[in-house]
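Have a look at the structure below, then the notes.
Please treat every number below as a calculation from the coordinates, not as lab data. Note that this is a predicted model, so its numbers are computed, not measured. Reconstructed Cβ throughout: ideal geometry from the backbone, glycine too, with neighbour counts over all protein chains shown.
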């Protein structure tokens, strides 16, 4: 007598301060799980970090008696601080990210003039994924897809339950159809490369569920963070089937010229390239994030 495969369950935790969605993926009580794109609360006025948002996810893992195997990052975010290191300290698990994070580390080691104690080899993370790497999460199958363009290191995680359910956690590559796509003007970003990455995702079966990392509603509609491939192809304002590569590159480039830097980019990047660990404390026991004055163009 065969037993049914436990269905994939996806729980979302929205952080209104950063418009970020953290995902918890599992197969029910007692199963293996993964946490994707976690958030550490950070107050830019005081420099204070807190764990309220992350603790919501930690508590859910404990309530369901899940075994945390992976703490996954789609990339080194510029708009929120990762709680990966904190969650690992609470629940165990391994922190994973795409292998091209080393390129991002090399760039920002220079930007922040980090000393030799910071190595740009990705060793702050427990595992670096290559394109099309795969692993199991319980009976779920996970494949890593390299989707550069927003940054050189972006990856998406395709999760399949072996029956019919397919879900992709796309990070910042795509947003909801009425919001469009992520910016491409960060170091190593490229709109032409982003177009190819988007269409790698949109070539998946039409019913594939895509889960966005953020939502920035352009109207008063409720927060939303899930759309199918078919919905994105039909309605995404930047990347629907009627928009070719040249039009996308022109649109994305023009829009990026109007965007301000994310509020948290300077502290967030310094922490996120360290897998969510704070910079090492200085002689007074305090950790510091550096602010490069007059470095970036206005």
**Prompt:** With N residues in the stretch 243-298, what two-decimal value do you get for its Cα radius of gyration over 2.2 N^0.38 Å?
**Reply:** 1.69
**Prompt:** For the stretch 198-256 and the stretch 43-94, what is the separation of their C-alpha centers, rounded to whole Å?
**Reply:** 27 Å
**Fill in**
Output ordering of 91-102, 281-292, 36-47 (per-residue mean of other Cβ within 10 Å, highest first) is 91-102, 36-47, 281-292
**Message:** For a protection proxy built on the mean count of beta-carbon atoms within 10 angstrom, sort 248-255, 177-184 highest first, please.
**Reply:** 177-184, 248-255
**Item:** Evaluated at q = 0.13, 0.18, 0.25 Å⁻¹: base-10 log I(q)/I(0), Debye formula over Cα of the stretch 90-168
**Value:** -0.50, -0.82, -1.16
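Which of the peptides 239-246, 156-163 is most tightly packed, and how do the rest follow, going by the mean number of other Cβ atoms within 10 Å of each residue? Could you put the intermediate results ahead of the total?
Details: 239-246: 13.6, 156-163: 18.8.
Ranked by mean Cβ neighbours within 10 Å, highest first: 156-163, 239-246.
Given C-alpha coordinates of the stretch 73-134, what is the ratio Rg to Rh with the Kirkwood estimate of Rh?
Working: Rg = 12.4 Å, Rh = 12.8 Å.
Result: Rg/Rh = 0.97.
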**Fill in**
Using alpha-carbon positions, the gyration tensor of the stretch 9-268 gives root eigenvalues a ≥ b ≥ c; with a/c under 1.5 called rounded, otherwise prolate if a/b exceeds b/c, else oblate, the class is rounded
**Item:** the chain: most fluctuating residue of 52, 80, 150 per GNM, C-alpha cutoff 10 Å
**Value:** 52
**Fill in**
Shape call for the stretch 146-231, from the Cα gyration tensor axes a ≥ b ≥ c (a/c under 1.5 means rounded, otherwise prolate when a/b beats b/c, else oblate), comes out oblate
**Asked** In terms of the Cα gyration tensor, with a ≥ b ≥ c the square roots of its eigenvalues, is the stretch 140-179 rounded because a/c is under 1.5, prolate because a/b exceeds b/c, or oblate?
**Response** oblate
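Kindly give Rg over Rh for the stretch 1-155, based on alpha-carbon atoms, with the Kirkwood expression for the hydrodynamic radius.
So for the stretch 1-155, dividing Rg by the Kirkwood Rh gives 0.99.
If you take every DSSP beta bridge whose two residues both sit in the chain, what share of them, in percent to the nearest 5, is antiparallel?
Values: 33 of 48 bridges.
For the chain, the DSSP antiparallel bridge percentage is about 70.
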